[in-house]
1. Among the helices (runs of 4 or more DSSP H) contained in region 12-113, which hold 2 or more residues that are modelled with pLDDT under 95 and not basic (Lys, Arg)?
2. Before we move on, is residue 3 within 16 Å of the ligand (Cβ to nearest atom), at negative phi and outside any loop (DSSP other than H, G, I, E, B)?
3. Six or more apart or on different chains, Cβ under 8 Å: which pairs go from a residue in region 211-225 that's under 22 Å from residue 157 (Cα atoms) to one that's more than 12 Å from the ligand (Cβ to nearest atom) and among the β-branched types (Val, Ile, Thr)? Could you list them?
4. Which residue, of 160, 155, is crowded, with 19+ Cβ neighbours inside 10 Å, modelled with pLDDT of 95 or more and among the small types (Gly, Ala, Ser)?
5. How many residues does region 71-93 hold that are within 16 Å of the ligand (Cβ to nearest atom) and in contact (Cβ under 8 Å) with a residue 40 or more places away in the chain?
6. Filter region 181-201 down to the residues that are within 19 Å of residue 68 (Cβ to Cβ) and either surrounded by fewer than 23 Cβ atoms within 10 Å (Cβ to Cβ) or without any contact (Cβ under 8 Å) to a residue 40 or more places away in the chain (or both) and list them by number.
7. Among the residues of region 132-140, are any within 22 Å of residue 65 (Cβ to Cβ), in contact with a helix residue (DSSP H, G or I) (Cβ under 7 Å, 6 or more places away or on another chain) and not hydroxyl-bearing (Ser, Thr, Tyr)?
8. Filter region 78-102 for residues that are touching a helix residue (DSSP H, G or I) at 6+ places or on another chain (Cβ under 7 Å) and among the small types (Gly, Ala, Ser); which is surrounded by the fewest Cβ atoms within 10 Å (Cβ to Cβ)?
Amino acid sequence: MRALVDGGVPLVAVSFDDNDCERAAREALASGVDVAELRIDRFSRTDVGHVLEKVHAFRGLPVLATVRSAVEGGGWGGTEEERLDLFRAVAPLVDAVDVELSSGGILTDVISAARAHDALSIVSYHNFDHTPGLDSLEAIVRDAETAGADIVKISTMATSGTDVKTLASLLLNAGENTQMIVIAMGATGTASRIFFPALGSRLTYTFIGHQPTSGQLDFAETFALMRKFYPEFDRRKAPGGS
Ligand SMILES: O=C1C[C@@](O)(C(=O)O)C[C@@H](O)[C@@H]1O
């Protein structure tokens, strides 16, 4: 996944829970999904054995492990120690982890666990209420980089064109060596899911089945639009492309 991220061609992720993983993984592989985001916080069980079995089902696809904290809109109901244990257990098997900058107590340990297994650390910030000002967002990006992020992810609710422009500015102002994923959530932000990759956002999140987050487009529609707007993506996804 590191090579894919460094390659500069936008990537399309699909988020999965633990429902019928074998079938879901087969479908994802066949349809050209770049990254499987496993939302472990939405799994029906989160004991290590169950989680590892589901991670295994996705082998052959780059896997991003997310155990989203409740504070940032996720479904995680356990302790921080248990969350860290899960990250440590999956780190040898996955290509990337997503951990919130606000996970103060475990942030450094999650990043170290990922690094020990050459998995990327996405350090994330979510705000389901509003889009903070550019200065605040830039401070968050700096803090995430200082914490050791390989990729900084900013996902905030956009309720106006100004919010979308703020997030676009965040991408435009980013330093050359900063890898970012930026998402404007909500219906007003839907365009960001297709066009922010043109400004340098590395990954766009989609779904197959029911829409988990407002403003997200489903995989098939996203895939078709990405092929239309990004010639490099189209080349990679054409029969025989790599
Ligand atoms: O944080 C993000 C972004 C997201 O919330 C979105 O709006 O696309 C979807 C989540 O699965 C992912 O972890």
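1. Those helices (runs of 4 or more DSSP H) span 21-31.
2. The answer is no for residue 3.
3. Matching pairs, first to second residue: 215/188; 217/194; 218/208; 219/33; 219/208; 222/194.
4. Working: 160 fails: crowded, with 19+ Cβ neighbours inside 10 Å.
On inspection, the qualifying residue turns out to be 155.
5. 4
6. Those that are within 19 Å of residue 68 (Cβ to Cβ) and either surrounded by fewer than 23 Cβ atoms within 10 Å (Cβ to Cβ) or without any contact (Cβ under 8 Å) to a residue 40 or more places away in the chain (or both): 182, 183, 186, 189, 193.
7. no
8. The qualifying residue surrounded by the fewest Cβ atoms within 10 Å (Cβ to Cβ) is 102.
The values are calculated or read from the model by the stated rules, or taken from the named source; none is laboratory data. Everything numeric in this text was worked out from a predicted model, so none of it was measured. Cβ atoms come from the backbone with ideal geometry, glycine included; neighbour counts cover every protein chain shown.
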